[in-house]
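Report on one structure; see the data block that follows.
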Ligand SMILES: Nc1ncnc2c1ncn2[C@@H]1O[C@H](COP(=O)(O)OP(=O)(O)OP(=O)(O)O)[C@@H](O)[C@H]1O
Ligand SMILES: Nc1ccn([C@@H]2O[C@H](COP(=O)(O)O)[C@@H](O)[C@H]2O)c(=O)n1
């Protein structure tokens, strides 16, 4: 079984996926972390983030891999853990440049498609492109202001700056971010985290 949870930036995809996965007793997979890892390695090496061949060469050398733990995904490059470095504002700002490159999308998709079922997969195109056969699909939204207020607890910038960056990232990610026609769209604005998890579990027939 595959459950997909897609949505716009900072709509709660990772937190919700982790909660749903824990309730189901299965792993979750954060596809965005692989795009973030490619971006971080590119920034550290000083390569042009538009240069797919240079990025693929770095990925070949460092071979970042995703550890899809239910309590929180981790990313490793050899013995080095990249996870904590993947959510900086610098990576936030660069990742959409990397994510439009077809070669990079193919690299991420190939990694995801080797994972053994069952799992919850979260990102932008899990329900449309990567796992169109998924048994259940959800899509999370919330206004940019609400998302920025939530994210402000995790970033040094103020709420208007975070909101502007989220709007920019949504625009750059628009092509790969359309909801699947068969996804249930959830506006998380009026809901708590536990509330969103509850709606999804209910939709899966696992509600309490
Ligand atoms: N329904 C909710 N109510 C309150 N806070 C929430 C809710 N959903 C998520 N959050 C909080 O919003 C923040 C962003 O959530 P999260 O990181 O899970 O989003 P995301 O969609 O995975 O983000 P990104 O696209 O940047 O990877 C976190 O601090 C999370 O705890
Ligand atoms: N399926 C996906 C997942 C992510 N992206 C790109 O990665 C960025 C970071 O993802 P988060 O889920 O951590 O926000 C995102 O802004 C996209 O550029 C993607 O294209 N497809």
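The values are calculated or read from the model by the stated rules, or taken from the named source; none is laboratory data. It should be emphasised that the depicted structure is a prediction, and the values quoted were computed from it without experimental measurement. Note that each Cβ is placed from the backbone with ideal geometry, even for glycine, and that neighbours are counted across all protein chains shown.
Determine, yes or no, whether residue 17 is within 14 Å of ligand 1 (Cβ to nearest atom), in contact (Cβ under 8 Å) with a residue 40 or more places away in the chain and out of contact with any helix residue (DSSP H, G or I) (no Cβ under 6 Å at 6 or more places or on another chain). Break it down stepwise before answering.
On the way: within 14 Å of ligand 1 (Cβ to nearest atom): yes; in contact (Cβ under 8 Å) with a residue 40 or more places away in the chain: yes; out of contact with any helix residue (DSSP H, G or I) (no Cβ under 6 Å at 6 or more places or on another chain): yes.
Yes; evaluated as a whole, the condition is true for this residue.
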For residue 142, are the conditions met, namely being within 14 Å of ligand 2 (Cβ to nearest atom), touching a residue at least 40 places away in the same chain (Cβ under 8 Å), closer than 18 Å to residue 96 by Cα and buried (at least 16 other Cβ atoms within 10 Å of the Cβ)?
-> no
Are any residues in region 156-169 within 13 Å of ligand 2 (Cβ to nearest atom) and surrounded by fewer than 18 Cβ atoms within 10 Å (Cβ to Cβ), and if so, which ones?
-> 167, 168
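So, in region 175-208, of the ones that are touching a residue at least 60 places away in the same chain (Cβ under 8 Å) and surrounded by fewer than 15 Cβ atoms within 10 Å (Cβ to Cβ), which residue ends up farthest from residue 98 (Cα to Cα)? Steps first, answer last, please.
First pass over region 175-208, keeping only residues touching a residue at least 60 places away in the same chain (Cβ under 8 Å): 175-177, 179-180, 183, 188, 193-194, 196-197, 200-201, 203-204, 206.
Narrowing the set further to residues that are surrounded by fewer than 15 Cβ atoms within 10 Å (Cβ to Cβ) leaves 175, 193-194, 206.
Values: 175: 13, 193: 29, 194: 32, 206: 37 Å.
Here the answer is 206.
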List pairs: first in region 85-97 and closer than 17 Å to residue 153 by Cβ, second away from ligand 1 (no atom under 12 Å from the Cβ), Cβ under 7 Å, 6+ apart or cross-chain?
-> 89/157
Scan region 11-48 for residues that are surrounded by 19 or more Cβ atoms within 10 Å (Cβ to Cβ) and not in a helix (DSSP H, G or I) and jot them down.
-> 11, 12, 27, 28, 29, 30
Scanning for something within 12 Å of ligand 2 (Cβ to nearest atom) and touching a strand residue (DSSP E or B) at 6+ places or on another chain (Cβ under 8 Å), does region 105-117 turn up at least one residue?
-> yes
Quick one: would you say residue 199 is in contact with a strand residue (DSSP E or B) (Cβ under 7 Å, 6 or more places away or on another chain), closer than 28 Å to residue 67 by Cα, assigned to a helix (DSSP H, G or I) and modelled with pLDDT of 95 or more?
-> yes
Is it true that some residue in region 118-130 is closer than 20 Å to residue 69 by Cα and surrounded by fewer than 19 Cβ atoms within 10 Å (Cβ to Cβ)?
-> yes
